[in-house]
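Colleague: Sending over a structure as structure tokens; questions will come in a sec.
The values are calculated or read from the model by the stated rules, or taken from the named source; none is laboratory data. Note that the structure is predicted; figures quoted are calculated from it, not measured. Note that we place each Cβ from the backbone using ideal geometry, even for glycine, and neighbour counts take in every protein chain shown. Heads up: the accessible areas ignore ligands, DNA and RNA and are worked out on the full protein's heavy atoms, side chains in. Shrake-Rupley method; radii C 1.70, N 1.55, O 1.52, S 1.80 Å.
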Amino acid sequence: MMKNNNLRRSGAKIMANLILILGRLAYIMILAVINGSVGFMCAIGVTLFGAVGIAKVLGEPIALSYGAIAAFAIGCGALRGVLRYFEQYSNHYIAFRLLAVLRDKIFSAMRILCPAKLESKQKGSIIAMITSDIETLEVFYAHTISPICIAVIVSVCVVIFIGFISSWFLAVATLFGYVTIGVIVPLISSDKLKASGVKYRAEFSSFNAFFLDSIKGIKDIVLNNAGKEREEEVNRRSDILLSETKKMKHEITKASAATELCVSLFILAVLTIGIMLTVSDNLSVGKMVIGVTAAFGSFGPVIAISALPGNLTQTFAAGDRVLNLLSEKPAVMPIENGENIEYEELNVKDLSFSYDDKTEVLSDICMNAKKGEIIGIVGESGCGKSTFLKLLLRFWEKKSGEINYNGTDIDRINTNSLLSNVTMVSQVTYLFDETIEDNLKIAKPDATTEEIENACKLASVHEFIQTLPDGYKTKVGALGDNLSAGEKQRIGLARAFLRGSSLILLDEPTSNVDSINEGIILKALKEQKNQKSIILVSHRESTMAIADRIYRVKGGKMHEA
């Protein structure tokens, strides 16, 4: 993902968008807030009933007996524990359910954005988003929404209680303390923490991407003796990340210290006001004790809010990145209400394309292909051959011209129908950390063993797989590092044969194999041509030997040879 040191949205807007994701889980959040609010009041009640007992001793006319007061205090303590459990259970239930929902939304968004928009994004940064960023949002759902609501409800109830039972002077002083600790201090500290939090998340993402690239490319780093330089760069980026972490922790510590200082000052202020009211005979000692005790025990919820900015800065940065991806517009929108096709022929006329609407990659391209033909497209690297294949799959939208399947323009064909009829084998085949059989079944989940083996035989990879310890049950290893580039490419080709699409697009299918295997693969392709169309892209002239017709690409122009 591109680095962005500034939030595109305000904190309030991010919170609002994240809350909207709650949907039908909102009623559980309401239950959590109720449990939390009543639970905090019970916690306050433990000390408050103690104060009531003291007030009774001091002569305050209280109807409750000492036994009843003690029973209420014990009951509040027990109930507090039960309600706290249900509050935390509800919050974490919502959090983990929503994390699954968010991951599903991200994968759905990437599926639509892929491959056009994702080609330019760092894979490590995307991994950081679906792991650490999503997990960071757990703090918001489990430890942010409820505490804010609970703090407001508890504060209002305590202020009203102090006002009616003790003194409105004490109530106003307590309210001022709530506002200062729960609103003013967090706002001030949030402004200071925002920049450091966002920068930390950006550096974390960048480091993640660079480190993943280093792991993936470790073989090339060693072969080119570039280990020392790479290590120095990893250390440099690690130092930057550590520096940003220290800055953020320092600001969090300062904010926490400011909160503790304010709490102490307001407790002292409330006590002073209570004593002054008692000395001036405006308040009895018993009512003063009850009011001051209620105020002392009620700062917990607002302290919890004051501690939020330290976590919220990272939460907002993570939430902003996730929301950016979810709101990103795909380069091409899937077609769902168009036409379905059964491939017979392809006609391209006057096709032009540009990635940036300025420099044309392809210009006025014309070509055609029918079932039973192998069409060769040859040209130097970077001349637009691979781009042309992606346009045939509508990974990008054409700038002008026509791409017609069976006479139907590609922009009117349902995306699922198009991808069912056309398969592409790219230069780089990605293999999941599963068995070879599972990797092949991506193309056809219900494929039989015989179908899988036949496809692999056509791709000249069956004999190699048979030599492996577990045959088709062999795990390829993380990132497919247990296989060579040529072996991966042949498994990718086997996938295409297994899928059975009527049009196969092959982007440099023999670039990573030796001349013997190239000959075997080309022979297999030639044997398949009677059943389908094959468009074969390569910079090798030898690969074109099996082509029925050849198009040459140069300078964005295509001409039939």
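Colleague: Not counting ligands, DNA or RNA, and with a 1.4 Å probe, what is ILE520's accessible surface area in Å² rounded to the nearest 10?
Modeller: Near enough 80 Å² of accessible area.
Colleague: In addition: Starting from the Cα-Cα distance between ASN17 and LEU223, subtract it from 0.36 nm times their residue separation and give me the gain in nm to one decimal. Walk me through the numbers before you get to the answer.
Modeller: Values: separation 206, 0.36 × 206 = 74.16 nm, distance 4.82 nm.
Full extension of this stretch gives 69.3 nm more.
Colleague: Place a +1 charge on the Cβ of each Lys and Arg in the chain and a -1 charge on the Cβ of each Asp and Glu, then give the dipole magnitude about the Cα centre in debye, rounded to the nearest 20.
Modeller: Taking the Cα centre of the chain as origin, the dipole is about 1140 debye.
Colleague: Between ASP446 and SER10, what is the label-to-label distance in nm when each label sits 7 Å out along the Cα-to-Cβ direction?
Modeller: Going by the 7 Å Cα→Cβ label model, 5.4 nm.
Colleague: Seen from all sides and averaged, what is the projected area of the convex hull of the Cα atoms in region 448-554, in nm²?
Modeller: Details: hull surface 29.8 nm².
If you wrap the Cα atoms of region 448-554 in a convex hull and average its projections, you get 7.5 nm².
Colleague: Under 12 Å from the Cβ of GLU345, count the other residues' Cβ atoms, weight Lys and Arg +1, Asp and Glu -1, and hand me the total. Intermediate values should be presented prior to the final figure.
Modeller: Working: positive: LYS370, LYS371, LYS532; negative: GLU342, GLU344, GLU373.
So the environment of GLU345 carries a net charge of 0.
Colleague: Right, here's the next one. If each residue of separation counts as 0.36 nm, what is the full-extension length gain between ASN368 and PHE86 once their alpha-carbon separation is subtracted?
Modeller: Value of the extension gain: 94.9 nm.
Colleague: Measuring from label point to label point, each 7 Å out along Cα→Cβ, what is the TYR93 to ALA485 span in nm?
Modeller: Distance between label points: 5.3 nm.
Colleague: Keeping the other protein chains in place, figure out the carbon and sulfur percent of the accessible area of region 484-561, with a 1.4 Å probe.
Modeller: Answer for region 484-561 is 49 percent, counting heavy atoms of protein chains only.
Colleague: Determine the principal axes of the Cα atoms in region 128-281, then give the extent along each, sorted from largest to smallest and rounded to whole angstroms.
Modeller: Largest to smallest, the principal-axis extents are 88, 25, 16 Å.
Colleague: Right, here's the next one. How would ARG9, ARG103, ARG236, ARG111 line up by accessible area, probe 1.4 Å, largest first?
Modeller: In descending accessible area the options line up as ARG111, ARG236, ARG103, ARG9.
Colleague: Let me ask something else. Please determine, in degrees from 0 to 90 and to the nearest 10, the orientation of helix 308-327 with respect to the longest principal axis defined by the Cα atoms of the chain, where the helix direction is its Cα long axis.
Modeller: 30 degrees
Colleague: Taking +1 at the Cβ of each Lys and Arg and -1 at the Cβ of each Asp and Glu, which of THR253, ALA369, SER284 sits farthest along the dipole of the chain towards its positive end, judged by Cα position relative to the Cα centre?
Modeller: Going by the Cα projections, it comes out as SER284.
Colleague: Work out, step by step, the length gained on full extension between ILE130 and SER65: first 0.36 nm times the residue separation, then minus their alpha carbon distance; give nm to one decimal.
Modeller: 17.6 nm
Colleague: How high is the FRET efficiency from ASN530 to THR245, r the C-beta distance, R0 60 Å, rounded to 0.05?
Modeller: The value I calculate is 0.45.
Colleague: For a test of the definition: using alpha carbon positions, the gyration tensor, and the 1.5 limit on a/c, classify region 202-342 as rounded, prolate or oblate.
Modeller: It comes out oblate by the Cα gyration axes.
Colleague: Please report the spacing between the Cα centers of region 175-219 and region 129-156 in Å, no decimals.
Modeller: Cα centres, region 175-219 to region 129-156: 16 Å.
Colleague: Just how much of SER65 is accessible, in Å², when a 1.4 Å probe is used and the result is rounded to the nearest 10?
Modeller: The accessible area comes out at roughly 60 Å².
Colleague: Let me ask something else about it. Between LEU261 and VAL57, how many nm apart are label points set 7 Å from Cα along the C-beta direction?
Modeller: For LEU261 paired with VAL57, the spin-label model returns 3.6 nm.
Colleague: Distance cut-off 26 Å, Cα to Cα: go down the list LYS329/LYS371; LYS358/LYS385; LYS390/LYS529; LYS349/LYS488; LYS349/LYS529; LYS370/LYS557 and report the pairs above it.
Modeller: Flagged as over cut-off: LYS329/LYS371; LYS349/LYS488.
Colleague: Still on this structure, I have one more. Could you list the square roots of 5 times each eigenvalue of the Cα gyration tensor of the chain, that is, the equivalent ellipsoid semi-axes, sorted largest first and rounded to whole Å?
Modeller: 68, 23, 22
Colleague: Which Rg and Dmax, in Å, describe the Cα atoms of region 279-416?
Modeller: Every Cα atom of region 279-416 included, Rg and Dmax give 32.6, 105 Å.
Colleague: What is the calculated FRET efficiency for GLU342 to LEU468, with r their C-beta to C-beta distance and R₀ = 41 Å, to the nearest 0.05?
Modeller: Rounded to the nearest 0.05, the efficiency is 0.65.
Colleague: How high is the relative contact order of the chain, given as a whole-number percent (alpha carbon pairs under 8 Å, six or more residues apart)?
Modeller: Relative contact order comes out at 16 percent.
Colleague: With r defined as the distance between the Cβ atoms of LYS457 and SER108 and R0 fixed at 45 Å, what FRET efficiency is calculated, to the nearest 0.05?
Modeller: Efficiency computed from Cβ-Cβ geometry: 0.80.
Colleague: A further question on this structure: If I ignore ligands, DNA and RNA and count only protein heavy atoms, how much of GLU360 is accessible to a 1.4 Å probe, in Å² to the nearest 10?
Modeller: For GLU360, solvent-accessible area is about 90 Å².
Colleague: Going by average Cβ neighbours within 10 Å, how do the peptides 205-213, 325-333 rank, with the highest at the top?
Modeller: Numbers: 205-213: 19.1, 325-333: 14.4.
Packing order, densest peptide first, comes out as 205-213, 325-333.
Colleague: For region 304-450, give the percent of accessible area contributed by carbon and sulfur heavy atoms, probe 1.4 Å, rounded to a whole number.
Modeller: The C+S portion of the solvent-accessible surface of region 304-450 is 46 percent.
Colleague: Using a 1.4 angstrom probe, figure out how much accessible area the chain has per residue, in square angstrom, rounded to the nearest whole.
Modeller: Accessible area per residue, the chain: 49 Å².
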